Amino acid sequence: WNLSPVLVAATAWFVVDERLLPREYIAIALLMVSALLAARHGVAGVSRWSRALPLMVLASVMYAAEVLIGKSLYARVPFVVGFGWSSAAVFTTACTLLLASPQALRGIRAAFQGRMKFVVAVNEGFDLAAVAARDRAVSLGPVSLVNAIGGLQPLAIVAFVALASVFGIGQKHLRPLTRAMRSRILLATVAAVLGLGLLRSVE
C-alpha cells in the first residue's frame, strides 16, 4: 500500500507536469521510511510476505491513478463537481470489484449484522470526510506531497492504539510493545518529523 506515494511521485512529472525540489523528494523518501517502519510486523520475530501482496500492489496502482486523475480533473472543473464525479467513479469501481469476489461480498454482509453496522457507518463517515479533505488538498497543492503525507497513516494508527491503551481502552485485545517495537516507533516518528519539515507546503 505504501508504494502509492512512490508511484505518484514517479508519474506526476509526466501526468500533471509537477516539478518538486530535490529536498521534497528526500522528504517523500523519509515519509515512506516512517510509514514502513510503523507498519512492519511479524509473528514470533519472523516477518513474512502477506498472501494479499498482489492485491495490495494492485490497490496501490489504482489509488495512485485515482489521485493523478483527480488532480487533472480539478484543473478543469470546480472542486465540488470533480469530487462528485470522481466519488461516483470510485464507488462504481469498488462495487464492480466487490461483486467479482463472493468472499468479500459475504464479509461486507457480515459487517452489517447487529451493532457492527453502526461502527461501519461511523467509519464510512470519517472516511468520506478524510477523502474530501485529501482531494481538496490535492486540488490546491502538489499531489506528490499530499499523497506522501497520507503514507503516515500507519504511524497515526500506532499512536492511536498507544493512546487508547493509556486510557485502558481495548487492553485485552492489545499486545504490549516490545523494546524493538518502541525503537521502531521512535525511528518512524523522527523520520516523519524530518520529512514533514522538508516540505514546502508545511512552511
Open item on the list: Among the complete DSSP H segments of the chain, which ones combine at least 18 Å of alpha-carbon extent along their axis with a mean Kyte-Doolittle hydropathy of 1.6 or more?
Closed with: 79-99, 153-166
Open item on the list: Among 78-84, 31-37, how do they line up by average Cβ neighbours within 10 Å per residue, starting with the highest?
Closed with: 31-37, 78-84
Task: D (Stokes-Einstein, µm²/s), Kirkwood Cα radius, the range 43-115, 0.692 mPa s at 37 °C - done: 217 µm²/s
TODO: Can you pull a Stokes-Einstein diffusion coefficient for the chain at 20 °C (1.002 mPa s), Rh from Kirkwood over Cα pairs, as a whole number of µm²/s?
DONE: 113 µm²/s
Open item on the list: Take the chain, mark every one of the trypsin sites (Lys or Arg not before Pro) that falls in a DSSP loop and has at most 11 other Cβ within 10 Å, then report the longest stretch left between them, sites excluded.
Closed with: 116-203
- [ ] May I ask you to compute the full-extension gain from S87 to V61, defined as 0.36 nm times their residue separation minus their alpha-carbon distance, rounded to one decimal in nm?
- [x] 7.6 nm
TODO: Under a 10 Å cutoff between Cα atoms, tell me which one of S60, S72, S50 has the largest fluctuation in the Gaussian network model of the chain.
DONE: S50
Task: Farthest toward positive dipole pole in the chain [+1 Lys/Arg, -1 Asp/Glu at C-beta], among P22, F112, L73 - done: F112
TODO: Please calculate the 1.4 Å probe accessible area of I157, with all protein chains present, and give it to the nearest 10 Å².
DONE: 90 Å²
- [ ] Please label the shape of the range 116-167 as rounded, prolate or oblate, based on the square roots a ≥ b ≥ c of the eigenvalues of the alpha-carbon gyration tensor (a/c under 1.5 means rounded; beyond that, a/b larger than b/c means prolate, else oblate).
- [x] oblate
- [ ] Have a look at E24, E124, E66 and tell me which one the Gaussian network model of the chain (Cα, springs below 10 Å) gives the largest fluctuation.
- [x] E124
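The values are calculated or read from the model by the stated rules, or taken from the named source; none is laboratory data. Given the structure is predicted, the values throughout are model-derived calculations rather than measurements. Note that each Cβ is placed from the backbone with ideal geometry, even for glycine, and that neighbours are counted across all protein chains shown. Each accessible area value is taken on the protein alone, full model and side chains, heavy atoms only, with ligands, DNA and RNA left out. Shrake-Rupley method; radii C 1.70, N 1.55, O 1.52, S 1.80 Å.
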